[in-house]
Amino acid sequence: MRRFLPPLWPAIAAGLLTAANLSPQTLEPRPLAVPLQCPQGDCDVLTGPPQTAGMRSGFVRLKSGESVGWHTTGRNEESLVVLHGKGKALIEGKPGLPFEAPALVYIPPATRHSVKNTGSELLEYEYIVAPASVP
């Protein structure tokens, strides 16, 4: 199972707070452009409130044969924006969904899943998780 590295955002957020002369209590979601520079591998990009209204995202790199491991979306929906490589979205109880960059993979709420690099090159993707209205 692929482990995610600790987020790099505390240092970035501290810099934004200082630059904007705001305290964490007054921060509200606002437009943001974030470079995908994760020198140590995987990293969180958006971390939810107060940075966003509830959306989270991160950047993932998987070597050939690696997997992120089984997990669930819970009450969230998830999109994978595949930037490089190819792989398979493994969905519990269903056939896997093969994909190759550039691609978008959608994972519905309450879905147990994993992502595996099935190619010979590095698989890189951005995941975006957002709260979903589930009846």
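The values are calculated or read from the model by the stated rules, or taken from the named source; none is laboratory data. Bear in mind the structure is a predicted one, so any value in this text is a computation, not a measurement. Every residue, glycine as well, gets a Cβ built from its backbone with ideal geometry; the counts of neighbours run over all protein chains shown.
Before we move on, is S79 surrounded by fewer than 18 Cβ atoms within 10 Å (Cβ to Cβ), assigned to a strand (DSSP E or B) and not aromatic (F, W, Y)?
The answer is yes for S79.
From (1) part of a loop (DSSP other than H, G, I, E, B); (2) in contact with a helix residue (DSSP H, G or I) (Cβ under 9 Å, 6 or more places away or on another chain); (3) of a type in the set (A, V, I, L, M), pick out the condition that doesn't hold for A53.
With respect to (1) part of a loop (DSSP other than H, G, I, E, B); (2) in contact with a helix residue (DSSP H, G or I) (Cβ under 9 Å, 6 or more places away or on another chain); (3) of a type in the set (A, V, I, L, M), A53 is out only on (2).
Take segment 96-111 and flag every residue that is aliphatic (A, V, I, L, M), assigned to a loop (DSSP other than H, G, I, E, B) and touching an Asp or Glu at 6+ places or on another chain (Cβ under 7 Å).
Residues satisfying the conditions do not exist here.
Go over the candidates G93, G41, G15, G65 one by one and state the one that is modelled with pLDDT of 95 or more and either out of contact with any helix residue (DSSP H, G or I) (no Cβ under 6 Å at 6 or more places or on another chain) or assigned to a loop (DSSP other than H, G, I, E, B) (or both).
Only one candidate passes the filter, namely G65.
Of all residues being out of contact with any His (no Cβ under 9 Å at 6 or more places or on another chain) and outside any loop (DSSP other than H, G, I, E, B) in segment 116-132, which is surrounded by the most Cβ atoms within 10 Å (Cβ to Cβ)? Just the residue, please.
Among those residues, the one meeting the criterion is N117.
List pairs: first in segment 37-55 and under 19 Å from A130 (Cβ atoms), second at pLDDT below 75 and of a type in the set (D, E, K, R), Cβ under 7 Å, 6+ apart or cross-chain?
Every condition considered, the pairs that remain are P50/E28.
Right, G58: surrounded by 12 or more Cβ atoms within 10 Å (Cβ to Cβ) and either at pLDDT 90 or above or assigned to a strand (DSSP E or B) (or both) or not?
Yes; evaluated as a whole, the condition is true for this residue.
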